[in-house]
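Notes to accompany the following structure.
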Amino acid sequence: MAEPNQEREHTTNQRHRSFGSITDEGYTRHNAYTSVPRYYGASTERTPLLDPDDPAVSPLNLLHVWNFRLFLWIFVGIGCLWATILFVNGFVTIPFIVLKTSGFLELDLTILAIISLLLGIFNFTVPSEAQLNIGYFLGGQLAFQLLLTLVIPHLRIYYNVIGIITIAFTLLAVASSLVLVPIVVKRAKYHEEVRLTGRVETRRTLAEWLKASSTVFFVTLLVAVPFTLIFLGFLLDVYDTARLFHGAGEGTNGIFVPIQSSSYGIHTSSYFSYSVYVQCTAENENVTDSNQPVVLIESDDRVSSQAFYKGWLEELYVDNKLSRVCLWNRPGRGFSDVAPTPFTLDDATNALTIALTAALLPENSTDKGAASTDSAGFFQNRTLALVSHGLGSVYSRAFASKHSTQVQSLTLIDPIHEKLLLRYLGRPSRGFLIWLHGLLSPLSITRQLSWLLHQQSPQERYLGITKSVDDFNQYQLPFKTRPSELKATLQEQISALNGGMSSQLARTTKVLSDSNIPLAIVTSAQSARTRYHWNEYQRELTKITNNNVAWEILDGPHNVWVAEKAKFELQKLFLNVLKEKHSS
């Protein structure tokens, strides 16, 4: 009976030696950096091997693997803290977390990084080859996105330090959870299987297969697909900005004026500045009236200033009936950066004053893009004819109250009354939907489809300018898809909800009620029919100043100029308003 036992011990010893990890020397070497219970660390060669399904056969036995999982949990904590900061920053700008972007992309990337880390932890001990390949794919996307952000100057300025850090953090999180986890854990798993069972286990239990498969499914659905959509949207945005801002610059014939944010009393650091876009046409020398005022456009929250100008004012300028037209994009709108939150009417008036002063400086001036409210004469002693649409009328009224002596006339097209701000703009449910829409906007599904299916141009995606001005849906494209537009809408909703916009309008009304600025109100017949007490509030708006020269109801939608007859009547009315005199 002794001989079979001796033969069995000899065979076991040979197997142990073949793997080089079961001898006393091997156990002493491995136990120095593992957490395996001592009774598994054999002191003699007679210690039996474990079953591969034994829970003690785990890569977590190795201390560096256990520490690596702890590192992932720490990363999750950091990600949750950063996501909370970005979330709060979306409603109230936190000092030193000032973004020129909407912040939705940074928040999305952080959330996806957290999901990636949690899925990596969930499937930590059962790594899969598919998970590793997905990690390589997403890591390559993020690395390329980070490279473009660092290399392209306007992207580097636009995303600034906060955006770059967020992209780098996301890249590190994806690399750790989807690339390093399979590599590190797989090697540790092989090591422990050889050490404790004497061989590498190639089979998987049903529970392991289900766990690995579910992880790959959720990684694909919750991480890979969103990351890919965000990456494609980022590339489309890079293409659009290259077409609009550089080279021929088909969309930007104006200038970008830096505005110093006064939210924190800091005026010296460019870190607290954002840029607004302002554009003025050349002086039309064929206009007979040399004293004609400069027309200043203030657009609605759903139509860009550029589309508003193209819709009906451009015809008057081309026909030599307007001397000069200026337009600007409010912060977050069109080409302008997003301003810190909260953004008030006073902030908008200050930004427009600085931007317009810079735009109206002489061509040979060296102060372009660096004007301030202290500039002599503000607008080079030019009078302004303010024309606004929808919500833009609120901003025009605030601007007119600050510069009443230089405003020749005030034309409001389908304006909104301050009593309707809470009903139409400030509803909490509307704010939640805007925020949710903004959170999903970096996926850019609609923008990608507009490019693939409808062959839309960068101007259509940024400004809503279409070949057919009566295509109302195309006007809406930027305001439903671009994160910065949604952030600007959210800022206006917050201002309307907390009453800040209404209180500031009350002050402007008091100033304008004592003035004799010629005032014209144009009301949309469709709005009058469909909106609650719209005509009554329009009648009240005719009393903003002491010099109401016209109130017309034109048969058309909110964008009245899309109806040909209404456009002709609007142009005729506006030319008559320009002839009015502003009496003191």
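The values are calculated or read from the model by the stated rules, or taken from the named source; none is laboratory data. What you are looking at is a predicted structure, and each value in this text was computed from that prediction instead of being measured. Here the Cβ is made from the backbone with ideal geometry for all residues, glycine too, and neighbour counts use every protein chain on show.
Brief remarks on what is shown
- Tally, over region 514-528, of residues that are within 20 Å of residue 391 (Cβ to Cβ) and without any contact (Cβ under 8 Å) to a residue 40 or more places away in the chain: 3
- Looking at 306, 260, 279, just one residue is polar (S, T, N, Q), touching a helix residue (DSSP H, G or I) at 6+ places or on another chain (Cβ under 8 Å), under 17 Å from residue 354 (Cα atoms) and at pLDDT 90 or above, and that residue is 279.
- Considering residues of region 436-457 that are assigned to a helix (DSSP H, G or I) and of a type in the set (Gly, Ala, Ser) only, the residue surrounded by the fewest Cβ atoms within 10 Å (Cβ to Cβ): 450
- Filter result for residue 195 (surrounded by 21 or more Cβ atoms within 10 Å (Cβ to Cβ), assigned to a helix (DSSP H, G or I), of a type in the set (Lys, Arg) and assigned by TED's automatic domain parsing to the domain that holds residue 235): yes
- The number of residues in region 556-572 being surrounded by fewer than 19 Cβ atoms within 10 Å (Cβ to Cβ) and assigned to a helix (DSSP H, G or I) comes to 7.
- When each of 183, 162 is tested for being assigned to a helix (DSSP H, G or I) and either under 20 Å from the mean Cα position of the chain (by Cα) or at pLDDT below 90 (or both), the lone residue that passes is 162.
- Residue within region 322-340 that is closer than 27 Å to residue 509 by Cβ and modelled with pLDDT under 90 present: no
- For region 97-127, taking the residues that are more than 14 Å from the chain's Cα centre (by Cα), outside any helix (DSSP H, G or I) and of a type in the set (A, V, I, L, M, F, W, C), the one that is surrounded by the most Cβ atoms within 10 Å (Cβ to Cβ) is identified as 126.
- The listed residue being out of contact with any Lys or Arg (no Cβ under 6 Å at 6 or more places or on another chain), loosely packed, with under 15 Cβ neighbours inside 10 Å and modelled with pLDDT of 90 or more, out of 171, 147, 178: 147
- Some residue of region 496-518 being within 27 Å of the chain's Cα centre (by Cα), of a type outside the set (Gly, Ala, Ser), modelled with pLDDT under 90 and surrounded by fewer than 16 Cβ atoms within 10 Å (Cβ to Cβ): yes
- Selection count where residues are buried (at least 19 other Cβ atoms within 10 Å of the Cβ), charged (D, E, K, R) and more than 30 Å from the chain's Cα centre (by Cα), scope region 289-323: 1
- Boolean, residue 477 is buried (at least 19 other Cβ atoms within 10 Å of the Cβ), at pLDDT below 90 and either in the same structural domain as residue 392 (by TED's automatic domain parsing) or not in a strand (DSSP E or B) (or both): yes
- Answer from 228, 252, 241 - the residue that is surrounded by fewer than 20 Cβ atoms within 10 Å (Cβ to Cβ) and modelled with pLDDT of 90 or more: 228
- Residue within region 546-567 that is assigned by TED's automatic domain parsing to the domain that holds residue 316, without any contact (Cβ under 8 Å) to a residue 60 or more places away in the chain and closer than 21 Å to residue 422 by Cβ present: no
- From the list 386, 420, the one residue that fits, being in a strand (DSSP E or B), in the same structural domain as residue 505 (by TED's automatic domain parsing) and of a type in the set (A, V, I, L, M, F, W, C), is 386.
- Hits in region 529-547 - residues which are surrounded by fewer than 16 Cβ atoms within 10 Å (Cβ to Cβ) and closer than 17 Å to residue 396 by Cα: 540, 543, 546
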